[in-house]
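Here the structure is laid out as structure tokens; the discussion comes afterwards.
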């Protein structure tokens, strides 16, 4: 275990709130928002102890209710190699927390009538017109299974990209032969843009027939390319103009190009940088061409808080409307129905379905984690996590860079925050 001095953790905690004023979320006493300060302090204590004992480098946790901050702390180390203290404006690799931003960007086009969700993606990406599905065939002699390629029974729809039923998968976890084919093809190797990535992916088989199975994968990356084609702009330019700049998400981007910001990038431990087969932490200070709509962004807790407050407020913030409230309700409804979910992967499990970019809570109980029906959430493989609970008028942003500890803290903070909500 690594030891980060307790004094450092305490100093970092005191620095935690300095970024909040820039994001226009005023601070309120926890009791005024229905929280117990004493119970929230239990979270702070655990973070301080865990940082001091090297369980994870550092943490930023932000809790907002009724449009105000009830808790915002930065604890531990920003960089465990230099012992630089964690700060409230630390920049994190948010990985799959990129997906909801890309989904909202696509829904801007949807509301303008520029796309409909029942359209085949081949209308915009013709290379996906005749894509094949990989079916594993057992060897009667007991040898290794082989991959049989068969035609897709129906086209991939835009709706499939948004709810992960396209058949497009990830190659860095799981043991399906299609996933192995992704890795063997070097799908994510080299320097390429969204257009080239779509071309690469279209040459590989689907893992499942479109519309039949929820399978976490590159669907949102292809959605990002579709946004580029429909908008006529790069994904980042479109999101910057339509979402990031208007929402004042000034530190959210695909790369940290500004040298004055690069010392704010949070880092994991050296031996905690891997999160899948041939997949490990990138360096966002080194810019590339790929603007991965599924997992490519970096940002701060306060930036993401602006995004979530807009969603919680029904699609509007500070007098500007981004999406209509009916669109938000549609996105955060369950879109799976009887779709097969073959394994746990990243779906939160019992009591949850999946909407357009988020896991959505269906039941008060069932799940081993506390929560309410209608809440929606998602996380990044590097250790970041959020959820929005409309019933409580509350959202939470958690930032950390530790792949191996992420599931532990996802459950821990959720249970402890609801336990602290006493009114």
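The values are calculated or read from the model by the stated rules, or taken from the named source; none is laboratory data. No experiment lies behind these values; they were computed from the predicted model shown. Here Cβ is always computed from backbone atoms with ideal geometry, including for glycine, and neighbour counts include all displayed protein chains.
Structure data summary
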item: Count of residues meeting criterion [assigned to a loop (DSSP other than H, G, I, E, B) and either within 18 Å of residue 274 (Cα to Cα) or outside the structural domain of residue 287 (by TED's automatic domain parsing) (or both)] in the stretch 170-189; result: 10
item: Hits in the stretch 188-210 - residues which are touching a helix residue (DSSP H, G or I) at 6+ places or on another chain (Cβ under 6 Å) and either under 14 Å from residue 342 (Cβ atoms) or modelled with pLDDT under 95 (or both); result: 207
item: Counted residues, the stretch 136-169 - those being assigned to a strand (DSSP E or B) and out of contact with any helix residue (DSSP H, G or I) (no Cβ under 9 Å at 6 or more places or on another chain); result: 5
item: Residue within the stretch 124-132 that is under 30 Å from residue 321 (Cβ atoms), touching a strand residue (DSSP E or B) at 6+ places or on another chain (Cβ under 9 Å) and at pLDDT 95 or above present; result: no
item: Strands (runs of 3 or more DSSP E) fully within the stretch 302-406 counting 2 or more residues that are within 20 Å of residue 162 (Cβ to Cβ); result: 352-354, 359-361, 376-379, 385-389
item: Matching residues in the stretch 270-287 - criterion: being touching a strand residue (DSSP E or B) at 6+ places or on another chain (Cβ under 8 Å) and in a loop (DSSP other than H, G, I, E, B); result: 273, 281, 282, 284, 285
item: Sole residue being more than 26 Å from residue 107 (Cα to Cα) and touching a residue at least 60 places away in the same chain (Cβ under 8 Å), chosen from 259, 284; result: 284
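Table: residues versus (1) buried (at least 24 other Cβ atoms within 10 Å of the Cβ); (2) in contact with a helix residue (DSSP H, G or I) (Cβ under 7 Å, 6 or more places away or on another chain); (3) assigned to a helix (DSSP H, G or I); (4) modelled with pLDDT under 95.
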position	(1), (2), (3), (4)
43	no, yes, yes, no
49	no, no, yes, no
56	yes, yes, no, no
59	yes, yes, no, no
72	no, no, no, no
75	yes, yes, no, no
100	yes, no, yes, no
107	no, yes, yes, no
